[in-house]
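Readers should treat all values here as calculations from the given coordinates under stated rules, not as data from a laboratory. Quick caveat: nothing in here was measured; it's all calculated off a predicted structure. FYI the Cβ positions are ideal-geometry reconstructions off the backbone, even for glycines, and counts take in every protein chain you see.
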Amino acid sequence: MIKEGESLSDYLKALPKDYIRKEKDLKEEEVKTLSKLLNDIETTTDKSGKALEKFVSQLFEYLNLHHIYLNKRTSTNEIDLFLKTNDVSRTYYNNTLPILSEDFIVECKQYHQKVKVTWVNKFYSLLSFGNYKLGIIFSVEPLTGKNDWDSSKGVCSKVALKDDIYIINLHLEDMKNIVEGYNVIDIIDEKYTKLKDNIAVELIPHPHQQYLTHQKRP
């Protein structure tokens, strides 16, 4: 409970990060609703993506930390979900997961096939044009790529390395984990940290890099 004269920011800063996140664990009734929506995703023959959009919008509505705008139009495209932060959510995320403290966008891919490079590149263009630092792709199947630097996964790594823009993918298995009790903020944090670690390794200079550079000189 916030004490008299204490700001929300001071109150949150004094709390352990894991306590703050546990406050956003889903309630039993919320899990039941999401489980039904997840079943709709798995069984529907509708390719419009509405079932997946409904699951995702409901999930973020339960977190109750963003203003959620569905099917937001830009000058050239339509964004499935635009999540706008406010003073409360910025304070909350600055003390838990800062990448979520700014506005971000979500795209839903309900096709039963892996998300290809062309589509990830299109999503990157939306992020870059809108000056967003985070985009989340919810999909039935995961991104293409044998490793983190190949195909669609490779696009995410290269974009993070080059432009400091982070594209994170949550697919069907992640959504199943969410309805089984995993904290969605923890899942996003894990994927974001993994992506940051990937590019951090790429930025480490080779021990013989200076020698090799000198060798190339005529």
*How far apart, in nm, are the 7 Å Cα→Cβ label points at residue 13 and residue 46?*
4.7
*For every helix of n ≥ 4 consecutive DSSP H residues, a contribution of -39,500 (n - 2.57) applies; sum these over the chain, divide by its total residues, and give [θ] at 222 nm rounded to the nearest 500 deg cm²/dmol.*
-16000 deg cm²/dmol
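Take the residue pairs 47/122; 153/196; 24/133; 146/191; 84/114 and return only those whose Cα atoms are more than 21 Å apart.
Working: 47/122 19 Å; 153/196 13 Å; 24/133 23 Å; 146/191 17 Å; 84/114 28 Å.
Violating the 21 Å limit, Cα to Cα: 24/133; 84/114.
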*Once you mark the trypsin sites (Lys or Arg not before Pro) that are in a DSSP loop and have at most 13 other Cβ atoms within 10 Å, what is the longest gap between them in the chain?*
48-145
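If the viscosity is 1.002 mPa s and the temperature 20 °C, what translational diffusion coefficient in µm²/s does Stokes-Einstein give for region 133-201 when Rh comes from Kirkwood over Cα pairs?
The calculation lands on 174 µm²/s.
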